[in-house]
Every structure is written in structure tokens, then in C-alpha cells.
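K.L.:
Pasting in a structure now, in C-alpha cells, and then I'll have a few things to ask.
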Amino acid sequence: MSPERAASPRFDLPEPDAFTRPYWDAAGEGRLLIRRCAGCGRAHHYPREFCPYCWSENVEWEHASGHATLYTWSVVHRNDLPPFGGRVPYVAAVVDLAEGPRMMTEVVECAHGDLRIGMGLTVTFRDGGQGEGGGGETVPVFRPSP
């Protein structure tokens with residue numbers, strides 16, 4: 001790898017902190033976590049230290065089933081930020097998790113013409129290194145359900 005490539009910033013990698021570390025560790029093990037409020041019972045995603053519905057701080061990590069339905073998507077044909085340019089075209093999507101929360105993600109392993117609102121999806125995970133400089137967290141993405 002050239003020194004210029006190694007020094008290129010990555011715009012696709014999360015920056016975990018002490019609070020989100022369990023989420024990223026679980027993703028690295030092939031598990032999707034969400035947060036559920038003990039006060040109102042609602043699940044939410046992205047991980048927050050409080051419930052976005054009732055503001056309770058009594059929220060806990062919960063293993064998600066990994067099942068979702070496609071809510072909406074866009075096929076991205078141009079993105080100049082590294083490393084997205086090497087991935088185009090790709091599908092940026094919003095999915096409804098079986099547990100209720102809506103999640104921004106990417107749909108993989110699916111022809112663009114086969115995408116349909118409401119189609120069943122299953123979580124899979126992209127290694128943050130993926131031959132693009134490494135050093136990143138594993139990221140949940142979705143593919144069509146079998």
C-alpha cells in the first residue's frame with residue numbers, strides 16, 4: 001500500500017467511545033445490539049444513554065434478532081469521500097428492525113432492481129478493515145433474507 005493511501009482519512013468508520021464500546025464489540029462478534037428502555041419499554045437505535053421517547057436513563061443493551069424490513073433506499077452512484085468511491089454504486093438504506101427501531105445502514109448482496117419496500121432483510125457484518133486500510137470496527141449491514 002502506498003504511503004499516500006495509508007494516510008488517507010476514512011469517512012466510513014465509527015469512533016467508539018466507552019459508552020458505545022459494547023455495541024461495536026458485539027458487532028465484531030456477529031451480534032447486533034439495540035437499547036431498550038425499562039421505563040416505557042420502547043427500543044431505540046442508535047445507542048444513546050437515555051431513552052429518546054421518555055428521557056429515562058434506565059436503558060439497557062438488548063440482543064436484536066437481526067431481522068428487518070426495507071423502509072427506503074437510494075443507490076449511490078458517486079461519493080468522493082474515501083473509501084466510498086471504490087464501493088459505488090452501493091445501496092444506502094433505512095430499515096425497520098423487527099424490534100421496532102428504524103436504522104440507517106447499507107443493503108448488500110442484492111441487485112438494485114430487486115430492492116422492494118417491505119422486503120425481508122437479515123443482518124450481516126462488514127469488517128472495518130475490508131482491505132481498505134484496516135483498523136476499523138465491524139459494521140452491521142443487511143442482505144436479503146433467505
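K.L.:
How far is the Cα center of the stretch 19-63 from the Cα center of the stretch 85-112, in Å?
P.N.:
Centre-to-centre (Cα) distance: 20 Å.
K.L.:
Once both labels are modelled 7 Å past Cα along the beta-carbon direction, what's the Thr69-Arg143 spacing in nm?
P.N.:
With each label point 7 Å from Cα toward Cβ, the separation is 2.3 nm.
K.L.:
Okay, next question. How much of the accessible area of the stretch 1-126, in percent, comes from carbon and sulfur atoms when a 1.4 Å probe is used?
P.N.:
52
K.L.:
If you take the square roots of the eigenvalues of the alpha-carbon gyration tensor of the chain and sort them as a ≥ b ≥ c, do you get rounded (a/c under 1.5), prolate (a/b over b/c) or oblate?
P.N.:
Oblate is the answer for the chain, as a/c is 1.5 or above yet b/c matches or exceeds a/b.
K.L.:
With springs only between Cα atoms under 10 Å, which of Tyr71, Tyr23, Tyr53 fluctuates most in a Gaussian network model of the chain?
P.N.:
Tyr53
K.L.:
Here is a further query. To the nearest 10 Å², what's Val76's accessible area with a 1.4 Å probe?
P.N.:
30
K.L.:
Leaving ligands and nucleic acids out of the surface, order Met103, Met119 by accessible area at 1.4 Å, largest first.
P.N.:
Met119, Met103
K.L.:
Mind checking the per residue accessible area of the chain for me, 1.4 Å probe, whole number of Å²?
P.N.:
That works out to 56 Å² for each residue.
K.L.:
Still on this model: Over the stretch 34-132, what is the relative contact order in whole percent, taking alpha-carbon pairs under 8 Å and six or more residues apart?
P.N.:
25
K.L.:
Per-residue HN-Hα couplings for the stretch 98-103, Karplus 6.51 cos²θ - 1.76 cosθ + 1.60 at θ = phi - 60°, whole Hz, x for Gly and Pro?
P.N.:
Running phi through 6.51 cos²θ - 1.76 cosθ + 1.60 with θ = phi - 60° gives 4, 7, x, x, 9, 9 Hz.
K.L.:
Over the heavy atoms of His112, what accessible area does a 1.4 Å probe trace out, to the nearest 10 Å²?
P.N.:
About 70 Å², ignoring ligands and nucleic acids.
K.L.:
Here is a further query. List the cysteines in the chain whose Cβ has no other cysteine Cβ under 4.7 Å from it.
P.N.:
Cysteines of the chain left without a disulfide-compatible partner: Cys110.
K.L.:
Taking amide hydrogens as modeled 1.01 Å from N in the peptide plane, which residues meet the under 5 Å criterion relative to Thr138, leaving out close sequence neighbours?
P.N.:
Gly28, Gly128
K.L.:
Right, something else. Sort Arg143, Arg42, Arg126 by heavy-atom solvent-accessible area, probe 1.4 angstrom, most to least.
P.N.:
Heavy-atom accessible area, descending, gives Arg42, Arg143, Arg126.
K.L.:
Quick one: 3J(HN,Hα) in Hz for the stretch 108-122, Karplus 6.51/-1.76/1.60 with θ = phi - 60°, rounded, Gly and Pro as x.
P.N.:
Running phi through 6.51 cos²θ - 1.76 cosθ + 1.60 with θ = phi - 60° gives 10, 6, 9, 5, 4, x, 8, 5, 9, 4, x, 5, x, 10, 10 Hz.
K.L.:
Hey, another quick one. Looking at the square roots a ≥ b ≥ c of the eigenvalues of the Cα gyration tensor of the stretch 61-146, which shape do they give, rounded for a/c under 1.5, prolate if a/b is larger than b/c, or oblate?
P.N.:
oblate
K.L.:
Show me the ranking of peptides 57-66, 25-34 by mean Cβ neighbours inside 10 Å, starting with the highest.
P.N.:
Result, highest mean Cβ count within 10 Å first: 25-34, 57-66.
K.L.:
Apply 1/(1 + (r/R0)^6) to the Cβ-Cβ distance of Tyr53 and Leu13, taking R0 = 35 Å, and write down the FRET efficiency to the nearest 0.05.
P.N.:
Result of the calculation: an efficiency of 0.75.
The values are calculated or read from the model by the stated rules, or taken from the named source; none is laboratory data. These numbers come from a predicted model, not from an experiment. A quick note on method: Cβ atoms are made from the backbone with ideal geometry, for glycine too, and the neighbour counts reach across all protein chains shown. For the accessible areas, the whole protein counts, side chains as well, though only heavy atoms, and no ligand, DNA or RNA atoms are used. Shrake-Rupley method; radii C 1.70, N 1.55, O 1.52, S 1.80 Å.
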